[in-house]
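The values are calculated or read from the model by the stated rules, or taken from the named source; none is laboratory data. No experiment lies behind these values; they were computed from the predicted model shown. Glycine also receives a Cβ, built like all others from the backbone with ideal geometry; neighbour counts cover every protein chain displayed.
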């Protein structure tokens, strides 16, 4: 399997090289219509059409409905704001986002995210604050052989991180930050005291963590490169980030550990007339260098900040002390006005465990297709409806904005 995976990567890299030689404009030459335009066309026929090509400052409130096999149906609301703090020609768009939701699978949370650029992008502040209560269907750690049985785990969590970056060269930033993840009220539904046979219980006892709650708190050193033309739905560009995270007990972490985290995204627009024709590629990896991290902190399916990794599987379906993920997606318009577009995607993930399974030894594939409905043509915000299929798994996935 690994041999075939390497062959596919080499073929894809050759294709990417040929696309990279073509410099494409990001301006769309075909008029777009979003949900607001359609509403005005049907119910407010006398309203003048929105002819503004780009709005740097905006504020929008969107009701939200989502669904994944992990969360069930999710209902919430999102407040999104954009602003440029400087010359629009040299300063990237800053984003502020507040999202709150409840679901039919006992999930409730509120999340605040921000990406703020100063004048000429000299400084860049990135952060996320999240508080919630959720449940995961635990299948154990590693990829390859699946241990029988599923253990539902309920818990309350707080996840905070803040990173500040300084521009070194154009599009290249170096930074540092703090991360604090706290898990409590862990209710392992198959826990039976000393007779427990759950994976969560065994892992926690083996690695010296309390079974009822723990923290992973540390500092981060980051290096980031970003040439994307837009963060929500890029038409072209590269995003790369390398993070060295060190959890320390003197910062409140239950145990010390060091992790190396990497992320790479590449976007190729295939048409100068319709730049929405895009091939997008995503790599995400987390590698434990030393120490131990809590069971609920193990990287795996859905570990990205938007929990969109691994469509085709439930959140935390595959995980391990070290984990690697990659995905290839093709995006294309369906209607002439770009209100509706589509995607097809294919992903593979691998994880190790603390026994015999090594990273890159077993790969778990997933794939599927979906449609996009354009909510806001200025911010490129979309409603995403995907159907994903995995190894013995499938489901519908509904969310806001692209998966990556």
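Summary table below
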{"quantity": "Flag for residue 269 being surrounded by 20 or more Cβ atoms within 10 Å (Cβ to Cβ) and touching a helix residue (DSSP H, G or I) at 6+ places or on another chain (Cβ under 9 Å)", "calculated": "yes"}
{"quantity": "Single condition residue 329 does not satisfy, out of (1) touching a strand residue (DSSP E or B) at 6+ places or on another chain (Cβ under 9 Å); (2) more than 20 Å from residue 278 (Cβ to Cβ)", "calculated": "(2)"}
{"quantity": "Some residue of segment 238-246 being under 30 Å from residue 334 (Cβ atoms) and assigned to a loop (DSSP other than H, G, I, E, B)", "calculated": "no"}
{"quantity": "Residues being under 18 Å from residue 300 (Cβ atoms), modelled with pLDDT under 95 and crowded, with 18+ Cβ neighbours inside 10 Å - total across segment 108-158", "calculated": "12"}
{"quantity": "Any hit, segment 277-286, residues being out of contact with any helix residue (DSSP H, G or I) (no Cβ under 8 Å at 6 or more places or on another chain) and either assigned to a loop (DSSP other than H, G, I, E, B) or under 21 Å from residue 183 (Cβ atoms) (or both)", "calculated": "yes"}
{"quantity": "Matching residues in segment 356-383 - criterion: being over 16 Å from residue 231 (Cα atoms) and without any contact (Cβ under 8 Å) to a residue 24 or more places away in the chain", "calculated": "356, 358"}
{"quantity": "Residue within segment 223-244 that is over 21 Å from the mean Cα position of the chain (by Cα) and either crowded, with 18+ Cβ neighbours inside 10 Å or in contact (Cβ under 8 Å) with a residue 12 or more places away in the chain (or both) present", "calculated": "no"}
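Each row is one residue, and each column tells you yes or no for (1) closer than 14 Å to residue 308 by Cβ; (2) touching a helix residue (DSSP H, G or I) at 6+ places or on another chain (Cβ under 6 Å); (3) buried (at least 17 other Cβ atoms within 10 Å of the Cβ); (4) modelled with pLDDT of 95 or more.
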residue: 327; (1), (2), (3), (4): yes, no, yes, yes
residue: 340; (1), (2), (3), (4): no, no, no, no
residue: 346; (1), (2), (3), (4): no, no, no, yes
residue: 354; (1), (2), (3), (4): no, no, no, no
residue: 364; (1), (2), (3), (4): no, no, yes, yes
residue: 370; (1), (2), (3), (4): yes, no, yes, yes
residue: 377; (1), (2), (3), (4): no, no, yes, no
residue: 384; (1), (2), (3), (4): yes, no, yes, no
residue: 403; (1), (2), (3), (4): yes, no, yes, no
